[in-house]
Amino acid sequence: MTDYTQKIVYIGIDVHKKTYAVTAICDSEVVKKDTLAAYPEQLVKYITKHFKGAEVHTVYETGFSGFHLHKYLVSNGINNIVVHPASIKISARVGNLKERLGVKPEFKFNKSSNKIRDMFFQTISRYDFSVRALVVKKELILSSYLKAKKNECYNFFIRNLMSYDGNCLLNASV
C-alpha cells in the first residue's frame with residue numbers, strides 16, 4: 001500500500017443513488033478509482049484506510065443528494081466542496097481543476113499560492129465563459145446585525161444577487 005503521509009490527495013466523487021464513483025489524484029496522477037455503495041460512512045472508511053496521513057480534499061456536484069454527504073465528510077475532518085453544476089457553465093471542465101487545487105467551500109484566490117493562481121489561470125484561459133461578481137465595501141454596511149453576523153451578511157448579498165440575476169440562476173438557494 002502506498003504511503004500518503006503528508007501528501008495532498010484530491011478525490012472527485014460522482015454521486016449516484018446507489019453508488020459513489022471515486023477518483024483520487026495525488027501528485028497530478030490518478031492513484032485510485034473505485035465504486036462504493038452510496039453510504040457516507042463507507043466513503044469515510046475508504047478514505048481513511050487508503051489515504052492515511054494525507055491531507056484529503058473531496059468535491060462533488062450537488063443534485064438529488066443535497067448536502068448530507070458534505071456535512072458528513074466535513075464532520076469527519078475531510079475538506080469538501082460542493083459544486084452546483086447549473087450555476088457554472090464550465091463546471092465539468094473546471095471540476096478536475098478544483099480537485100487538483102483542493103478548492104475549499106469558499107475559494108479565496110487572494111490567499112492562494114502563486115502556483116495555484118498560475119494553475120487556475122492556465123486551466124481556465126482555454127475556455128469561453130463569463131463571470132459575475134459582487135463587490136461590497138463592508139465599511140458602508142449600516143445594519144449592526146449584518147456587521148455582527150458574517151454569514152448573515154454574506155447570505156444577504158447572495159440572496160439579493162439571486163433576486164436580480166435576470167433569471168440566469170435556476171433552482172439556486174442560500
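Here, each number is a calculation from the coordinates, and none is a lab measurement. It should be emphasised that the depicted structure is a prediction, and the values quoted were computed from it without experimental measurement. For neighbour counting, all protein chains shown are included, and Cβ atoms are generated from backbone atoms with ideal geometry for every residue, glycine included.
List of remarks:
- Karplus-derived HN-Hα couplings along region 52-57 (A = 6.51, B = -1.76, C = 1.60, θ = phi - 60°), whole Hz, x at Gly and Pro: 4, x, 8, 8, 9, 10
- Peptides 47-56, 4-13, 117-126 ranked from most to least packed by the mean count of surrounding Cβ atoms within 10 Å: 4-13, 47-56, 117-126.
- Extension gain, Lys115 back to Val74 (0.36 nm per residue minus Cα-Cα distance, nm): 12.2 nm
- For region 16-29, Karplus couplings with θ = phi - 60° (6.51, -1.76, 1.60), whole Hz, Gly/Pro x: 10, 4, 10, 9, 10, 9, 10, 10, 10, 10, 9, 6, 6, 10
- Under a 5 Å amide H cut-off, with hydrogens placed 1.01 Å from N, Asn80 pairs with Thr58 among residues at least 5 apart or on other chains.
- Length added when fully stretched, Ala21-Lys149, from 0.36 nm per residue minus Cα-Cα: 42.3 nm
- Under 5 Å, built H, 5+ apart or other chain: amide partners of Glu61: Val15, Val83
- Between Ala38 and Thr19, Tyr20, the built amide H atoms are under 5 Å apart, and every one of these is 5 or more places off in sequence or on another chain.
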